[in-house]
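Peer 1: Just dropping this structure here.
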Amino acid sequence: MVQQGRGARRPLWARVLWGGGEAAVTLGLVLLLFVAHQLWWTNRQARAAAERTVQALEEEWGASAPAPDSAPAPAPAPDSASDPDSAPAPTPASDPASDPDPASSSGSAARSSGPSVGGASDQAYAILRIPELGVRVPVAEGIRKSGVLDQGYVGHYPRTAQPGRAGNFALAGHRNTHGEPFRYINRLRRGDELRVETRSAVYTYVVDKLLERTSARDGGVLRDVPRSEVRKGYGYGAPGYYITLTTCTPEYTSKYRLVVWGTLRSMRPR
């Protein structure tokens with residue numbers, strides 16, 4: 001006698017439903033692991049690598065620091081309370097010809113009318129510090145994801161000015177994942193400091209403008225005199241010494257760009 005019951009074969013619809021449920025659970029676990037990798041693991045890896053690079057630069061610069069009697073005199077700080085549409089002029093101590101930084105060959109001689117998409121080198125040559133946010137991150141030439149941004153670095157737009165030079169020192173950084181150094185730059189306010197350290201000098205910029213959202217194709221924000229081509233009235237109207245921070249917005253998307261601008265306040269030799 002054959003007994004039917006618990007051991008009986010399930011109907012086709014039940015097998016299909018069960019298989020679909022298992023597939024959905026598996027897919028959910030895979031997606032969860034992917035999200036954890038993107039939001040946690042890439043941040044952990046990139047931050048650790050960026051911190052090692054910062055420490056290596058500091059050690060290298062400390063070992064090759066000039067003797068005290070050979071260092072140029074510090075540049076006096078311009079008046080930061082001046083009209084924001086006319087940036088302060090640094091002293092001759094920050095003249096490009098006296099700056100031996102390794103990225104100087106890409107300086108301010110050639111300019112881009114829009115965002116550049118690559119760079120010559122992914123080796124860090126400067127450190128950006130944002131005290132208000134507790135950020136210290138290496139700066140490398142180029143804005144490629146592989147080798148620069150995805151390493152937790154901040155990337156320098158190649159055809160914009162170098163630190164302390166006339167024009168616009170423009171940087172890009174991730175807002176989410178891979179170290180996300182620019183995640184909270186929307187919290188910066190006028191008067192907050194942005195310090196850029198190179199082998200030869202420390203440049204202090206001061207935040208004075210914020211563009212909360214503009215098109216990803218708004219090349220005006222990277223010009224020598226940065227001024228939005230999309231959001232009229234945002235930017236500057238006269239030549240000066242500027243810094244630009246750009247990142248994606250809203251968070252976890254790349255639809256628009258968030259822009260923070262500052263002007264050079266002071267320079268001191270290392």
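Peer 1: Which of the residues belonging to the stretch 228-270 are part of a strand (DSSP E or B), without any contact (Cβ under 8 Å) to a residue 60 or more places away in the chain and more than 28 Å from W61 (Cα to Cα)?
Peer 2: Matches in the stretch 228-270: G235, Y256, R257, V259.
Peer 1: Hey, another quick one. Return the residues of the stretch 166-192 that are outside any strand (DSSP E or B), touching a Phe, Trp or Tyr at 6+ places or on another chain (Cβ under 7 Å) and of a type outside the set (G, A, S); say none if nothing qualifies.
Peer 2: H174, R175, N176 - these are the residues of the stretch 166-192 that are outside any strand (DSSP E or B), touching a Phe, Trp or Tyr at 6+ places or on another chain (Cβ under 7 Å) and of a type outside the set (G, A, S).
Peer 1: Looking for whichever is of a type in the set (A, V, I, L, M) and surrounded by fewer than 20 Cβ atoms within 10 Å (Cβ to Cβ) here; the options are V259, V207, V202, V196. Which one fits? Spell out how you get there, then give the answer.
Peer 2: Details: V259 fails: surrounded by fewer than 20 Cβ atoms within 10 Å (Cβ to Cβ); V207 fails: surrounded by fewer than 20 Cβ atoms within 10 Å (Cβ to Cβ); V196 fails: surrounded by fewer than 20 Cβ atoms within 10 Å (Cβ to Cβ).
Result: V202 is the single residue among V259, V207, V202, V196 that is of a type in the set (A, V, I, L, M) and surrounded by fewer than 20 Cβ atoms within 10 Å (Cβ to Cβ).
Peer 1: Ok, one more. Residues Y236, Y203: which one is closer than 25 Å to P138 by Cβ, out of contact with any helix residue (DSSP H, G or I) (no Cβ under 6 Å at 6 or more places or on another chain) and of a type in the set (F, W, Y)?
Peer 2: Y203 is the lone residue from the list that is closer than 25 Å to P138 by Cβ, out of contact with any helix residue (DSSP H, G or I) (no Cβ under 6 Å at 6 or more places or on another chain) and of a type in the set (F, W, Y).
Peer 1: Can you tell me which residues in the stretch 171-193 are buried (at least 18 other Cβ atoms within 10 Å of the Cβ) and of a type in the set (G, A, S)?
Peer 2: A172, G173, G179
Peer 1: Any residue at all in the stretch 203-212 that is within 15 Å of L128 (Cα to Cα), within 16 Å of the chain's Cα centre (by Cα) and assigned to a loop (DSSP other than H, G, I, E, B)?
Peer 2: Taking every residue of the stretch 203-212 in turn, none turns out to be within 15 Å of L128 (Cα to Cα), within 16 Å of the chain's Cα centre (by Cα) and assigned to a loop (DSSP other than H, G, I, E, B).
Values in this text are rule-based calculations from the coordinates and carry no lab data. Because the structure is predicted, anything quoted here is derived from the model rather than measured. Note: ideal-geometry Cβ built from the backbone for every residue, glycine included; neighbour counts use all protein chains shown.
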